[in-house]
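The values are calculated or read from the model by the stated rules, or taken from the named source; none is laboratory data. Please read these numbers as outputs of a predicted model, since none were measured by experiment. Glycine gets a Cβ as well: all are built from the backbone with ideal geometry, and neighbour counts include every protein chain shown.
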Amino acid sequence: MKRLASFLLLVVAVAATAYGVTYYLNTRQTEDQWTWLRREFHLSAAQFARIEALHAAYQPVCASHCSRIMAVQQRMAALEQAGAKGSPDYAAALKEWDAVKHECNEATLQHLHRVAAEMNPDQGRRYLVLMVPHITQYDHREPRGVR
């Protein structure tokens, strides 16, 4: 009987711990991408303000790229649906798709370098090491964020 009571106490303790950990993980505040950027790269208020300004200035460029990419994707999907995947129109759309992706990637890489230049040199290098692979490996099929 003593073993059973010890076993039940252990089960209750494990269950309570699991509940507590789950509750904590589900209720804690997750930080947004800006809070993460500021904390992760130890940005001063002035650095953060300059980076926010760079981001605001880059938003129209990014929106234009996204709009063009979506238009080409829709055109390619319509051609695929119509069975015209081997057509000259599809080849032209594919060529445009590659060009817009390249233009977007190049502009975003330049933007990342401008952001890194606002950071302390070591943090800027670390930022580029972390972020550049996200851009060079990005396939433009879903949205991306700062992280």
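In contact with a Leu (Cβ under 9 Å, 6 or more places away or on another chain) and either outside the structural domain of TRP36 (by TED's automatic domain parsing) or β-branched (Val, Ile, Thr) (or both): does that describe VAL100?
Details: in contact with a Leu (Cβ under 9 Å, 6 or more places away or on another chain): no; either outside the structural domain of TRP36 (by TED's automatic domain parsing) or β-branched (Val, Ile, Thr) (or both): yes.
Taking the combined requirement at face value, the residue does not satisfy it.
Does ASN105 satisfy the criteria of being farther than 30 Å from ALA45 by Cβ and assigned by TED's automatic domain parsing to the domain that holds GLN59?
In short, yes.
Can you spot a residue in the stretch 43-50 that is assigned to a helix (DSSP H, G or I), of a type outside the set (Asp, Glu) and closer than 23 Å to THR136 by Cβ?
No, there is no match, as no residue in the stretch 43-50 is assigned to a helix (DSSP H, G or I), of a type outside the set (Asp, Glu) and closer than 23 Å to THR136 by Cβ.
The rows are residues; the columns are (1) part of a helix (DSSP H, G or I); (2) modelled with pLDDT of 90 or more.
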{"residue": "TYR90", "(1), (2)": "yes, yes"}
{"residue": "TRP97", "(1), (2)": "yes, no"}
{"residue": "LEU112", "(1), (2)": "yes, yes"}
{"residue": "ARG126", "(1), (2)": "yes, yes"}
{"residue": "VAL132", "(1), (2)": "yes, yes"}
{"residue": "ILE135", "(1), (2)": "yes, no"}
{"residue": "GLY145", "(1), (2)": "no, no"}
